[in-house]
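The values are calculated or read from the model by the stated rules, or taken from the named source; none is laboratory data. On a predicted model such as this, the values are computed, not experimentally measured, just so you know. Ideal geometry is used to build each Cβ from the backbone, glycine not excepted, and the neighbour counts take in all protein chains shown. SASA here: full protein model, heavy atoms, side chains in, ligands and nucleic acids out. Shrake-Rupley method; radii C 1.70, N 1.55, O 1.52, S 1.80 Å.
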Amino acid sequence: MINLVLFGPPGAGKGTQAEFLKEKYELVHISTGDVFRFNIKNATELGVLAKSFIDKGQLVPDEVTINMLNAEVEKNTEAKGFIFDGFPRTSAQADALGELLTSKGTDVSAMVALEVEDEVLVKRLLERGKTSGRADDADEGVIRNRIAVYYKETAILKDYYQAKDKYFGVDGVGSIAEITERISKVIDQL
Ligand code: AMP
């Protein structure tokens, strides 16, 4: 099984790349942000809870997010592997992912991190906000808060996976196809 953690700050291009990689490598793509947005749209209990955090650019609490991720993985018993997009974002989430995959006799194969400068991220997210319909892309203050939360709570996961020799940084600036190619080089040597 190939289990990829696609990593990087908001606006790095994780969702865009996941769409190509899931086809190329026949992997199931789980975006925790997309699952939250689906629940918000359908006004589920999870959606109502998540919305209060997402609209401010804060992280949804670990327990809620971990339970949701576990349920998404369980839905895909036939999967050849997964692309985790936007998860894990904290060390508690990384531990939980490790435990879940170990219980299935597998593990995280690699963390592929898309590296993009902050000011490029802000520009990309403001641009995306014109059409994404996402409240958290429409406000520069919320965008900057999401980037700050990334550095404060999520960036440490680089060390977490580096310590396991599973961290691979990839330049996230270029055309979509160029970046897919860079990520594929990492996957092909796993
Ligand atoms: P994303 O689509 O990955 O940019 O996520 C949008 C928002 O959903 C984030 O700013 C968080 O509020 C929330 N979210 C997504 N994934 C997670 C996660 N793994 N842990 C906590 N909150 C998350």
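So is ARG124 assigned to a helix (DSSP H, G or I) and closer than 22 Å to ILE183 by Cα or not?
Yes: the conditions hold for ARG124.
Across segment 50-63, what is the total count of residues that are part of a helix (DSSP H, G or I) and open to solvent by 40 Å² or more (accessible area, probe 1.4 Å)?
Matching residues across segment 50-63 total 5.
So, ILE179, is that one more than 14 Å from the ligand (Cβ to nearest atom), open to solvent by less than 20 Å² (accessible area, probe 1.4 Å) and assigned to a helix (DSSP H, G or I) or not?
Values: more than 14 Å from the ligand (Cβ to nearest atom): yes; open to solvent by less than 20 Å² (accessible area, probe 1.4 Å): yes; assigned to a helix (DSSP H, G or I): yes.
So ILE179 passes the test.
I need the full set of residues from segment 3-49 which are crowded, with 18+ Cβ neighbours inside 10 Å, more than 12 Å from the chain's Cα centre (by Cα) and more than 10 Å from the ligand (Cβ to nearest atom), in order please.
ASN3, LEU21, LYS22, LEU27, ASN39, LEU46
From the list GLY133, GLY141, GLY129, which residue is within 15 Å of the ligand (Cβ to nearest atom) and on the phi > 0 side of the Ramachandran plot? Working first, answer last.
Numbers: GLY141 fails: on the phi > 0 side of the Ramachandran plot; GLY129 fails: on the phi > 0 side of the Ramachandran plot.
Result: GLY133 is the single residue among GLY133, GLY141, GLY129 that is within 15 Å of the ligand (Cβ to nearest atom) and on the phi > 0 side of the Ramachandran plot.
Condition (residue is within 15 Å of the chain's Cα centre (by Cα) and assigned to a helix (DSSP H, G or I)) applied to segment 103-117: is it met by at least one residue?
No.
For segment 88-102: of the residues being over 13 Å from GLU153 (Cβ atoms) and within 14 Å of the ligand (Cβ to nearest atom), which is most open to solvent (accessible area, probe 1.4 Å)? Outline the logic, then answer.
Within segment 88-102, the subset over 13 Å from GLU153 (Cβ atoms) is 95-102.
Applying the additional criterion that residues be within 14 Å of the ligand (Cβ to nearest atom) yields 95-97, 100.
On the way: ASP95: 74, ALA96: 20, LEU97: 1, LEU100: 17 Å².
Once the filter is applied, the top-ranked residue is ASP95.
Which residues, counting only those in segment 167-178, are closer than 14 Å to PHE7 by Cβ and over 16 Å from the mean Cα position of the chain (by Cα)?
Residues of segment 167-178 closer than 14 Å to PHE7 by Cβ: 167-172.
ASP171, the sole residue that qualifies.
Answer yes or no as to whether THR16 is touching a residue at least 24 places away in the same chain (Cβ under 8 Å), in contact with a Leu (Cβ under 8 Å, 6 or more places away or on another chain) and hydroxyl-bearing (Ser, Thr, Tyr). Working first, answer last.
Details: touching a residue at least 24 places away in the same chain (Cβ under 8 Å): yes; in contact with a Leu (Cβ under 8 Å, 6 or more places away or on another chain): no; hydroxyl-bearing (Ser, Thr, Tyr): yes.
No: the conditions fail for THR16.
When you look at ALA71, is it in a helix (DSSP H, G or I) and within 26 Å of LEU121 (Cβ to Cβ), yes or no?
Values: in a helix (DSSP H, G or I): yes; within 26 Å of LEU121 (Cβ to Cβ): no.
No; evaluated as a whole, the condition is false for this residue.
Could you check segment 130-158 and list, in sequence order, the residues that are open to solvent by less than 20 Å² (accessible area, probe 1.4 Å) and not hydrophobic (A, V, I, L, M, F, W, C)?
Within segment 130-158, ASP136, ASP137, THR154 meet the criteria.
The rows are residues; the columns are (1) farther than 26 Å from PHE20 by Cα; (2) open to solvent by 20 Å² or more (accessible area, probe 1.4 Å).
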{"residue": "ILE66", "(1), (2)": "no, yes"}
{"residue": "THR77", "(1), (2)": "no, yes"}
{"residue": "PHE82", "(1), (2)": "no, no"}
{"residue": "ASP85", "(1), (2)": "no, no"}
{"residue": "LYS104", "(1), (2)": "no, yes"}
{"residue": "LEU114", "(1), (2)": "no, no"}
{"residue": "LEU121", "(1), (2)": "no, no"}
{"residue": "ARG124", "(1), (2)": "no, yes"}
{"residue": "TYR160", "(1), (2)": "yes, yes"}
